[in-house]
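Notes for the one structure printed next.
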């Protein structure tokens, strides 16, 4: 592999034999090394390959900014929580979690308390990720001299949620979490009931919305203007479709997009399931 850029003594940008640009870490890997030289493979500890078209230089800068011991701590914690495969498939998770961990440790040492917004929403909307995050936090506190507060599990959960989106910006995930809760409130208010977030139908609806966010963000919405399936849903579930139109309009405003007719029809299908669930 050929060195393309040296970020610091331990982090370099290189081009693999397959022609892919990757970020490499390892003690002394970039020491007195210049672009164009060959990578010393014996010093390589970890390879970060960006996915979803993310900028490799930005990834390298993030890695270089985090102390190696914090990257190792995050890696160990993810493994202890059974999330090694997730970290491998999404390299940015380890990087952004390490970066967050580094600042969290600094805040605790300086006696700074940080209350995370949307704590109750995260617990309702993403219970699986929050449960995983608590395992990650427990592992971190077992391995670290600095003990992080329980509230950090919320931020860690959002990093796990963020893996499903095609952006590395956690603020986008915060925004979508707020929108998710707003959409559930709209459906509940339309039908005059409180939705049970523990019901299977609501969980499926939340999952559908998360994938819809991904399709909107990547410009890959379902496109059929008046597909047979969409028309059937519109005809069979008129009340749910009217509610879906409200949801779609809200998404248009909040995400500066235009939800397609077929996406609206599938929203109606999920809304119909939600409101017929006896637990809602």
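Structure data summary
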item: Counted residues, the range 3-36 - those being touching a strand residue (DSSP E or B) at 6+ places or on another chain (Cβ under 6 Å) and exposed (fewer than 14 other Cβ atoms within 10 Å of the Cβ); result: 1
item: Residue 12 being within 21 Å of residue 89 (Cβ to Cβ) and assigned to a strand (DSSP E or B); result: no
item: Within the range 228-241, tally of residues that are surrounded by 13 or more Cβ atoms within 10 Å (Cβ to Cβ) and either farther than 19 Å from residue 200 by Cα or at pLDDT below 85 (or both); result: 8
item: Any hit, the range 116-139, residues being surrounded by fewer than 20 Cβ atoms within 10 Å (Cβ to Cβ), farther than 26 Å from residue 216 by Cα and modelled with pLDDT under 85; result: yes
item: Residue in the range 47-63 that is over 28 Å from residue 152 (Cα atoms), within 17 Å of the chain's Cα centre (by Cα) and assigned to a loop (DSSP other than H, G, I, E, B) present; result: yes
item: Options 69, 88; residue that is closer than 16 Å to residue 159 by Cα and either in contact with a strand residue (DSSP E or B) (Cβ under 9 Å, 6 or more places away or on another chain) or assigned to a helix (DSSP H, G or I) (or both); result: 88
item: Residue satisfying condition, being assigned by TED's automatic domain parsing to the domain that holds residue 141, surrounded by 16 or more Cβ atoms within 10 Å (Cβ to Cβ), closer than 30 Å to residue 217 by Cα and in contact (Cβ under 8 Å) with a residue 24 or more places away in the chain, within set 73, 78; result: 78
item: Some residue of the range 102-118 being in a helix (DSSP H, G or I) and under 27 Å from residue 198 (Cα atoms); result: no
item: Residue count, the range 231-265 (criterion: more than 23 Å from the chain's Cα centre (by Cα) and in a helix (DSSP H, G or I)); result: 20
item: Residue within the range 202-218 that is modelled with pLDDT of 80 or more, exposed (fewer than 12 other Cβ atoms within 10 Å of the Cβ) and assigned to a helix (DSSP H, G or I) present; result: no
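Yes or no, residue by residue, for (1) free of Cβ contacts under 8 Å to residues at least 40 places away in the same chain; (2) in contact with a helix residue (DSSP H, G or I) (Cβ under 7 Å, 6 or more places away or on another chain); (3) in the same structural domain as residue 156 (by TED's automatic domain parsing):
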residue: 31; (1), (2), (3): yes, no, no
residue: 36; (1), (2), (3): yes, no, no
residue: 41; (1), (2), (3): no, no, no
residue: 84; (1), (2), (3): yes, yes, yes
residue: 121; (1), (2), (3): no, yes, yes
residue: 131; (1), (2), (3): yes, no, yes
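The values are calculated or read from the model by the stated rules, or taken from the named source; none is laboratory data. Owing to the predicted nature of the structure, the values given are computational and were not obtained by experimental measurement. Glycine also receives a Cβ, built like all others from the backbone with ideal geometry; neighbour counts cover every protein chain displayed.
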